[in-house]
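Report on the following structure.
The values are calculated or read from the model by the stated rules, or taken from the named source; none is laboratory data. Computed from a prediction, not measured in an experiment: that's the story for all the values here. Cβ sites come from the backbone with ideal geometry, for glycine too, and all protein chains shown count toward neighbours. Ligands, DNA and RNA are stripped out before the accessible areas are found, and what is left, the full protein with its side chains, is counted by its heavy atoms. Shrake-Rupley method; radii C 1.70, N 1.55, O 1.52, S 1.80 Å.
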Amino acid sequence: MWGGRFSEGPDAIMEEINASIDFDKKLYSQDITGSKAHVAMLAHQGIVSNDDAKAITDGLDKIQDEIEHGEFTFSRALEDIHMNVESRLADLLGPSAGRLHTARSRNDQVATDFRLWVRDTMDTLDLQLAELQMVFVEKAAEHAGVVMPGFTHLQSAQPVTFGHHMLAYVEMLGRDRGRVRDARKRMNESPLGCAALAGTSFPIDRHMTAEALGFDRPTANSLDGVSDRDFALEALSAASICAMHLSRFAEELVIWSSAQFRFVKLSDKFSTGSSIMPQKRNPDAAELVRAKVGRIIGALNALLIVMKGLPLTYSKDMQEDKEQAFDALQNLSLCIAAMTGMVKDLEPNKKELKKAAGSGYSTATDLADWLVRNLDMPFRNAHHVTGSLVAMASERNIELHRLTLEDMQSVEPTITEDVFTVLSVDKSVRSRVSYGGTAPQNVRKQAKRWLKVLEKDLAAKQ
């Protein structure tokens, strides 16, 4: 297609390193959609005839049908999806097929195709994340009053509710969706018509093609239009943060489902067995979600490194923008789907959770707060008194509430019988009524709010 300047064909190794068709054929639908919008604009502007435009459009439709039915032969010698489609169009139409590439370069073509693919993928991820939020919210509403230990440093800190823990991930995923939507909004500009780098002398209408492809506007600078990959970087950045959130919960599932914790049970659908140990239930789905964050973050790093030293405008280095982005975003989609299934089937072990919630002197802060409220003690003094009582209980290998009133009064004489009203885990979580706190009434209120938001979001996306 570009051989007029060359007297010899490329070396086999050159062909091997240069070809991208093995992965960029994924862009076939976006490439054909962009070409149809481009030729429609060319006809509207009188740059090509209506007859040629119709023939080209019909030919593109036939090519798409061939690809989707597995009847299209992709050629590595033709390098990429753009040349493969154009070559097949020439087979179908003859020389008139060449009019399609008027006022267009592969530089603006690939930038447009890639944006369209990333945009479509971000829409899919937003929907998937909303569905994952929904199952977290439903689990939170169902178990709003189930007590469990809250951890810092992976040590029991204070009692919380299982529903409150679920809602923490709803908030994280909400921010993830915000980043996805923000990235989508910023990327929604059309590079089509920037041509190689400088624009074109043909009287094209870039606003027409932008509107036809669902973009908000054409890019304002042709140099930036063909060389910008911020949209992919921002998508991968949002994907990396989201994958990190999924990995954190996956890690918790691995810990919680272990024989040592027994906090939750994962369904058979998302667990595997051992080839030698018949008793094993391995949380493989959670472990794989935890692992895949590495390749997603890796894709972001790889593209940042590719782009960091490139002068304007296009360089062949930028062919390395797609393969890892495809892999990362598709693996994130898979992780979200797997996590949605795991959370939906998740069964909390209420007995073990409550037992663990009371371990490790988790109501010590409640005791300190009681001293402040009821004895008008400065918090630092209350902290010291409580620490002394915890040390006493630890020395006797008993929980705080097992100390007698006399034991407590030996440390602080003004403590009264009323102190025992705050030392149960149930009363502890019910007392945390501050906005954003773990009290069951808070959890139910927040779950109800999120349900309304998500039902509206999901209905809009159907």
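Scanning segment 418-436 for residues that are outside any helix (DSSP H, G or I), hydroxyl-bearing (Ser, Thr, Tyr) and surrounded by 15 or more Cβ atoms within 10 Å (Cβ to Cβ) yields a count of 1.
Check segment 128-136 and report whether any residue there is in a helix (DSSP H, G or I), among the charged types (D, E, K, R) and either within 30 Å of Ser428 (Cα to Cα) or over 23 Å from the mean Cα position of the chain (by Cα) (or both). Checking segment 128-136: not a single residue is in a helix (DSSP H, G or I), among the charged types (D, E, K, R) and either within 30 Å of Ser428 (Cα to Cα) or over 23 Å from the mean Cα position of the chain (by Cα) (or both). The residue of segment 341-396 that is farthest from the chain's Cα centre (by Cα), among those that are charged (D, E, K, R) and outside any helix (DSSP H, G or I), is Asp376.
Of everything listed in (1) open to solvent by 60 Å² or more (accessible area, probe 1.4 Å); (2) touching a helix residue (DSSP H, G or I) at 6+ places or on another chain (Cβ under 8 Å), the single unmet condition for Phe249 is (1). Here Glu395 does not fit the description of being open to solvent by 30 Å² or more (accessible area, probe 1.4 Å), at pLDDT below 90 and within 22 Å of Gln155 (Cβ to Cβ).
Within segment 299-329, being open to solvent by 30 Å² or more (accessible area, probe 1.4 Å), under 16 Å from Phe231 (Cβ atoms) and either of a type in the set (Phe, Trp, Tyr) or assigned to a helix (DSSP H, G or I) (or both) holds for Leu304, Val306, Met307, Tyr314, Glu320, Gln324. The residue that is surrounded by the most Cβ atoms within 10 Å (Cβ to Cβ), among those in segment 437-459 that are among the small types (Gly, Ala, Ser) and part of a helix (DSSP H, G or I), is Ala447.
Inspect segment 228-250 for any residue being outside any helix (DSSP H, G or I), in the same structural domain as Ala325 (by the TED database) and out of contact with any Asp or Glu (no Cβ under 7 Å at 6 or more places or on another chain) and give the result as yes or no. For segment 228-250, residues outside any helix (DSSP H, G or I), in the same structural domain as Ala325 (by the TED database) and out of contact with any Asp or Glu (no Cβ under 7 Å at 6 or more places or on another chain): present.
Screening Ala19 with (1) in contact with a Phe, Trp or Tyr (Cβ under 8 Å, 6 or more places away or on another chain); (2) farther than 23 Å from Leu223 by Cα gives one miss only, at (1). Would you check which residues across segment 229-245 are over 30 Å from Phe136 (Cα atoms) and buried (at least 21 other Cβ atoms within 10 Å of the Cβ) and list them? Residue satisfying the conditions is Arg229 alone. For segment 215-227, the tally of residues that are surrounded by fewer than 17 Cβ atoms within 10 Å (Cβ to Cβ), in contact with a strand residue (DSSP E or B) (Cβ under 9 Å, 6 or more places away or on another chain) and part of a loop (DSSP other than H, G, I, E, B) stands at 2. Right, Arg181: open to solvent by 10 Å² or more (accessible area, probe 1.4 Å), part of a loop (DSSP other than H, G, I, E, B), at negative phi and modelled with pLDDT of 95 or more or not? Taking the combined requirement at face value, the residue does not satisfy it.
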